[in-house]
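Quick notes on the structure that follows.
The values are calculated or read from the model by the stated rules, or taken from the named source; none is laboratory data. Quick caveat, the model's predicted, so the values are computed rather than measured. Ideal geometry is used to build each Cβ from the backbone, glycine not excepted, and the neighbour counts take in all protein chains shown. What goes into the accessible areas is simple: the full protein's heavy atoms, side chains included, and nothing from ligands, DNA or RNA. Shrake-Rupley method; radii C 1.70, N 1.55, O 1.52, S 1.80 Å.
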Amino acid sequence: MPGNNLTLPETGPAEVQPVQPNLWEILKVWLKIGVQSFGGGSSTNLLIRNEFIYKRGWLSEEEHLRFWVLCQLVPGINLIALTILIGKKLGGAAGIALSLAGMLLPSAGITTLLAVGFSVIQGWSPIQAMLKGLTPATAGISLVVAVQFANPLFRRAKKEGPIPVAISFFIIGGGAFAVTFFKLPVVSIFIGGAIIGGLAFGSGFLNRPKKNIS
Amino acid sequence: MGPLEIFLTFLKASLFSTGGLGSLPSLHQDLTTNNIATDQDFGQAIAISQVSPGPTGLWVVALGYLTYGFLGAVLALVAVTIPPFLVLALSAGYSRIEHRPLVQGIIRGVSLAVVGLLLVVVWSVLSGPAIGWRGVAIALGAFALAYAARVNIVIVLALAALSGFILYS
């Protein structure tokens, strides 16, 4: 299966051998993620990393990041696309079906049950106070995911030298700055990142041998 | 609106949007102009998604229930599950060209942009009007527990909710 091959060999330590877990195990892990994934996309991504990368070694850090990048390029809910890609890698079509079932059925069921009862509890001040605590926690969790995504990219850049490190900082900082202060649409940040990344890392510009002046 | 129209409305919204709340404008326009849903339904559905597990995008399941009962919830869930399958076609195309240096460079650039956008999320939450020092403290605590101490995410969120209860009530 092509998806089992790692595409960024220079990052080294995070590489894993392809593993084919059985379908029951796949369903079990996704059910666990499905019922625990409170707090939105970042929390769920963190759970996915913990279960699939760190605990079981079924996925590498690079694969997860590459999958997540591909998920940004398709319509709909990114986490569902990510579930589909991981499910396919681990178990083909059956893996996709079981991964989606495990991820979505518990959370959609709980969401529906909450919709049934929410009008009763939404006005309670303890619930309001707890929600106020959960909102900033999602910022902390998003930061964890940002750092974990950035780690393999900077490990690779460090090996290549100071200019790739500087370019990496520029893409991250420039994108964040442009969205925050100039309200540029997210898609323009992806396009900008793709152009700079393609030119700087993919065109051979940085690796061009220097002329020998003697 | 019949079940098929409800399904197609949710499918269209998901097909022409990205991310969790990207489908909001399309659904708002289609469902409020037909008096199928109210602004209150939208607010409630989004609030429910904040306290329930799963992707934030599942707020449409709550909206489906609030506007069309249990059948609406099922139709909404099926509708939002279909468009992300396009990622399989994208992935298949990508696997044919992934070893080209230019493609790797582009993916690397987009990966860095993703990191930048995650930082935007952090900033936009922490710069909100109702956050203050208590919110920043909760965010830093959540980061420290989840990153440095590798504490289970459910425990981190439970502690955040408890902190909210203590600090804000």
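Less than 5 angstrom separates the built amide H of B:Thr18 from those of A:Gly76, all sequence-distant by 5 or more or on a different chain. Over the stretch B:3-84, calculate the relative contact order: mean separation of alpha carbon pairs under 8 Å at least 6 apart, over the residue count, as a percent. Taking the mean separation of contacting Cα pairs over the length of the stretch B:3-84, I get 35 percent.
Given a 1.4 Å probe and every protein chain left where it sits, what share in percent of the accessible area of the protein assembly as shown is carbon and sulfur? Carbon with sulfur: 69 percent of the solvent-accessible area.
Note: relative contact order over chain A, using C-alpha pairs below 8 Å and six or more positions apart, is 21 percent.
Please identify, among B:Ser127, B:Ser91, B:Ser23, the residue showing maximal mean-square fluctuation in a Gaussian network model of chain B using a 10 angstrom Cα cutoff. Fluctuation is largest for B:Ser127.
For the protein assembly as shown, build the charge dipole from Cβ charges (+1 Lys, Arg; -1 Asp, Glu) around the Cα centre, then report which of B:Ala13, B:Ser23, B:Val151 sits farthest towards its positive end. Sorting the options by dipole projection puts first B:Val151.
For the stretch B:101-168, the percent of C-alpha pairs falling in each 5 Å distance bin, counted from 0 to the bin holding the largest distance, reads 4, 15, 17, 19, 17, 10, 8, 6, 3, 1, 0.
When the C-alpha to C-alpha distance is required to be over 30 Å, the pairs from A:Lys88/A:Lys132; A:Lys132/A:Lys183; A:Lys28/B:Lys12; A:Lys28/A:Lys158; A:Lys88/A:Lys183 that qualify are A:Lys88/A:Lys132; A:Lys28/B:Lys12; A:Lys28/A:Lys158; A:Lys88/A:Lys183. With contacts taken as Cα pairs under 8 Å and at least 6 residues apart, the stretch B:53-104 reaches a relative contact order of 20 percent. Among the residues of the stretch B:31-56, those with an accessible-area drop of 20 Å² or more from chain alone to full protein complex, heavy atoms and 1.4 Å probe, are B:Gln44, B:Ala47, B:Ile48, B:Gln50, B:Val51, B:Ser52, B:Pro53, B:Gly54, B:Pro55, B:Thr56.
Summed over the residues of the stretch A:6-123 and divided among them, the accessible surface reaches 33 Å² per residue at a probe radius of 1.4 Å. By the helix-only formula, in which each DSSP H run with n ≥ 4 contributes -39500 (n - 2.57) and the sum is divided by residues, the protein assembly as shown has a 222 nm mean residue ellipticity of -24500 deg cm²/dmol.
3J(HN,Hα) along the stretch A:149-158: 5, 6, 3, x, 5, 7, 4, 5, 4, 4 Hz, from the Karplus curve 6.51 cos²θ - 1.76 cosθ + 1.60 with θ = phi - 60°, whole Hz, x for Gly and Pro. Around B:Ile6, what is the net charge, scoring Lys/Arg as +1 and Asp/Glu as -1 over all other residues with Cβ under 15 Å from its Cβ? Here the count lands on -2.
Inter-label distance, B:Met1 to B:Leu140: 4.6 nm, where each label sits 7 Å from its Cα along the C-beta direction.
Computed across the protein assembly as shown, the Kirkwood radius stands at 21.5 Å (inverse of mean 1/r, all Cα pairs).
Model label sites at B:Leu102 and A:Ala93, defined 7 Å from Cα along the beta-carbon direction, differ in position by 3.5 nm. For the stretch B:113-134 versus the stretch A:40-56, the spacing of their alpha-carbon centroids is 21 Å. Taking a span of 15 Å or more along the helix axis (Cα atoms) and a mean Kyte-Doolittle hydropathy of at least 0.0 as the rule, the DSSP H helices of chain B that qualify are B:3-15, B:39-51, B:59-81, B:86-97, B:101-126, B:132-143, B:153-168.
Sort out for me the Cα centre separation of the stretch B:6-32 from the stretch A:95-121, rounded to whole Å. So the separation of the two Cα centres works out to 19 Å. Of all the options A:Gly204, A:Gly92, A:Gly102, the one that moves most in a Gaussian network model of chain A with Cα springs shorter than 10 angstrom is A:Gly204.
For chain B, the dipole from Cβ point charges (+1 on Lys and Arg, -1 on Asp and Glu) about the Cα centre works out to 600 debye, to the nearest 20. Between helix A:61-72 and chain A there is an angle of about 70 degrees, using the helix long axis and the longest principal axis of the Cα atoms.
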